[in-house]
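Read the structure below first, then the notes.
The values are calculated or read from the model by the stated rules, or taken from the named source; none is laboratory data. Here the structure is a predicted model, which is why all the values come from computation and not from measurement. We place every Cβ from the backbone using ideal geometry, glycine too, and count neighbours over all the protein chains shown.
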Amino acid sequence: MTTTSASKKAAKGRAMSLHIGLNGVSAAAYAGWDGPLAACEFDANDMAALATAQGISPKVLLTKKATRAAVLAAMRDAAKALSSGGLFFLTYSGHGGQVPDVTGEEDDKKDETWCLYDGQLIDDELYFELSRFKAGARILVLSDSCHSGTVTRDRMPPPPPPGQRAKLMPDAVGRRVYQEHQAFYDKLQRDVAQAAGTPVVDPDTAIAQVAQSGRLAAIATKFDAAAILISGCQDNQTSMDGDHNGAFTEQLLKVWDQGRFDGNYAIFHARIKARMPVSQSPNLFTLGTAGTFLAQQPFSV
């Protein structure tokens with residue numbers, strides 16, 4: 001390798017990816033509910049294959065291995081390893097859930113969650129872990145679940161059509177889970193707020209208020225990295241499971257077309273959205289100063 005090519009490679013920074021797919025959860029952690037799904041492990045493996053084709057070495061956590069500890073450890077490893085220019089590519093396929101918000105930053109008094117095998121990962125935790133990435137790092141999160149884009153859900157979405165599986169923990173299950181593990185989830189939220197040093201400002205809510213409050217500059221300073229987050233549906237919708245891929249992941253892969261897609265992230269999201277039914281419309285939002293990132297070719301190292 002010549003000095004010039006080595007310098008170019010170093011300038012691009014490192015790239016790491018984590019792909020999480022759960023076809024079920026531990027009934028012991030979810031009040032007897034095991035949340036069966038069919039395509040989430042396929043989703044994770046297919047996204048890992050996409051990462052590999054882009055020159056990114058992936059880590060895959062499937063069902064029983066997708067524990068809270070394993071997911072948090074993988075995110076923290078990436079935050080430590082990646083510097084400015086580096087890319088962290090994170091995908092999740094599984095159920096979304098909710099727990100009551102005890103730290104007061106959510107307008108709807110609920111924290112949205114990813115349902116990991118042995119317990120839920122609260123959105124406060126996810127955003128706090130992403131905020132640990134160094135300035136200049138790029139983070140891409142693709143969530144094929146009912147963890148929605150603006151997470152201010154006033155009520156649960158309607159049930160899916162007969163014969164279809166929604167990636168959403170039922171509300172009754174969520175209430176039972178919280179009742180059985182309230183001390184754990186309440187402490188978790190308070191610990192995150194304490195570690196952050198200030199009350200956790202939910203990025204979704206903050207971004208939604210930018211137009212009214214004019215607080216964009218203040219919000220941006222809370223997040224040094226640049227992040228693009230694309231979720232499978234809107235607040236009042238559900239992300240649907242499938243036989244081989246979830247509905248969102250299936251259309252994403254078709255738009256990507258094994259790397260033949262030519263365009264930036266904004267166009268990529270728009271093309272995926274155009275292929276989806278009106279009952280499931282993917283959402284996109286950003287954290288930090290992500291304008292340059294949005295203009296890049298998807299998954300580029």
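Here are a few things to note about the model shown:
- Exactly one residue out of ALA218, ALA172, ALA196, ALA183 is surrounded by fewer than 23 Cβ atoms within 10 Å (Cβ to Cβ), out of contact with any Asp or Glu (no Cβ under 6 Å at 6 or more places or on another chain) and at pLDDT below 70, and it is ALA218.
- Enumeration of residues in region 268-301 that are farther than 24 Å from LEU130 by Cα and out of contact with any Pro (no Cβ under 8 Å at 6 or more places or on another chain): ALA270, ARG271, ALA274, ARG275, PRO277, VAL278, SER279, GLN280, SER281
- The combined condition, being out of contact with any Ser or Thr (no Cβ under 6 Å at 6 or more places or on another chain) and either of a type outside the set (Val, Ile, Thr) or over 13 Å from TYR185 (Cβ atoms) (or both), is not fulfilled by LYS134.
- Failed criterion for PRO277 (all others in (1) modelled with pLDDT under 90; (2) assigned to a loop (DSSP other than H, G, I, E, B); (3) over 23 Å from SER145 (Cβ atoms) hold): (3)
- Test: GLY24 is surrounded by fewer than 21 Cβ atoms within 10 Å (Cβ to Cβ), within 19 Å of the chain's Cα centre (by Cα), assigned to a loop (DSSP other than H, G, I, E, B) and of a type in the set (Gly, Ala, Ser): yes
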